[in-house]
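J.: Sharing a structure, written as structure tokens. Questions coming.
The values are calculated or read from the model by the stated rules, or taken from the named source; none is laboratory data. All values derive from a computational prediction rather than experimental measurement. Backbone-built Cβ (ideal geometry, glycine too); neighbour counts: all protein chains shown.
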Amino acid sequence: MLHFENVSKSYGSRPVLQERTGRFAPGAYALRGPNGIGKSTLLRVLAGVDEADGGDIVIAGHSLRAQPAAAKARLAYAPDECPVYPFVTGRELLAFVAWAKGCAISDKVSHIVERFGLTRHLDTRCGAMSLGTQKKLMLAAAWIGAPAVLLLDEPSNGLDADARAVLVDLLAAQRDTSVVFMSTHDRAFADAIGASVVEFEALTGN
């Protein structure tokens, strides 16, 4: 469901990714490697936030380069540091994500919002939310559109114990039908989900 081949990315004269290749069936995978090695860059490139300089990325059978709309409709991305939309309410943010994916907000997503304790924050502007609440909102939005691939950068960062437990439960269930591909330094979190460890250096080109 997630396949990328010979993916490269440089910023100016500084190469960050050089011919990274990987193929992943449904399951949970924890990307491991030291800080600064390019894990977050890889996730941004796979999500289409940053464009790859070379290589191909396929999301659930759709090439991100040739069929960007179809590919992005089947993936979800939650960065470590949440982008700030200070004047948008939580409800408006969820509605925007649903609009961008051409779908409705399902009962499952509404239930996830409730489990994260976000219902009372839906009419609050994001700029007035705590960082933890913003993080939970972005994570809840990741389930909009029933994604085949979830790309998560340090998803447990900034979560309280209750929210962390909810996320573990959600991701452990999601791995049966989707690819959960995440970077995390939280080994206990990865173990609780049942994630397989993927060494960043193992994602080499052919």
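J.: If we keep just the residues of segment 136-148 that are within 12 Å of the chain's Cα centre (by Cα) and in a helix (DSSP H, G or I), which is surrounded by the most Cβ atoms within 10 Å (Cβ to Cβ)?
T.: ALA140
J.: So HIS185 ticks every box in (1) in contact with an Asp or Glu (Cβ under 9 Å, 6 or more places away or on another chain); (2) closer than 26 Å to ALA60 by Cα but one. Which box is left unticked?
T.: Here HIS185 clears every test but (2).
J.: Also: Working only within segment 178-206, note down all residues that are modelled with pLDDT under 90 and small (Gly, Ala, Ser).
T.: Scanning segment 178-206 gives ALA202, GLY205.
J.: For segment 1-25, enumerate the residues that are out of contact with any helix residue (DSSP H, G or I) (no Cβ under 9 Å at 6 or more places or on another chain) and closer than 18 Å to VAL180 by Cβ.
T.: Of everything in segment 1-25, those that are out of contact with any helix residue (DSSP H, G or I) (no Cβ under 9 Å at 6 or more places or on another chain) and closer than 18 Å to VAL180 by Cβ turn out to be MET1, HIS3, ARG23, PHE24, ALA25.
J.: Please indicate, with yes or no, whether at least one residue in segment 163-179 is among the small types (Gly, Ala, Ser), crowded, with 16+ Cβ neighbours inside 10 Å and assigned to a loop (DSSP other than H, G, I, E, B).
T.: Yes, there is a match, as at least one residue in segment 163-179 is among the small types (Gly, Ala, Ser), crowded, with 16+ Cβ neighbours inside 10 Å and assigned to a loop (DSSP other than H, G, I, E, B).
J.: If GLY117 satisfies all but one of (1) surrounded by 13 or more Cβ atoms within 10 Å (Cβ to Cβ); (2) out of contact with any Cys (no Cβ under 6 Å at 6 or more places or on another chain); (3) under 28 Å from ARG20 (Cα atoms); (4) touching a residue at least 40 places away in the same chain (Cβ under 8 Å), what's the number of the condition it fails?
T.: Of the numbered conditions (1) surrounded by 13 or more Cβ atoms within 10 Å (Cβ to Cβ); (2) out of contact with any Cys (no Cβ under 6 Å at 6 or more places or on another chain); (3) under 28 Å from ARG20 (Cα atoms); (4) touching a residue at least 40 places away in the same chain (Cβ under 8 Å), the odd one out for GLY117 is (3).
J.: If the requirement is being free of Cβ contacts under 8 Å to residues at least 40 places away in the same chain and under 22 Å from ALA142 (Cβ atoms), which of these qualifies: ALA30, ALA98, ALA71?
T.: Working: ALA30 fails: free of Cβ contacts under 8 Å to residues at least 40 places away in the same chain; ALA98 fails: free of Cβ contacts under 8 Å to residues at least 40 places away in the same chain.
Going through ALA30, ALA98, ALA71 in turn, the sole match is ALA71.
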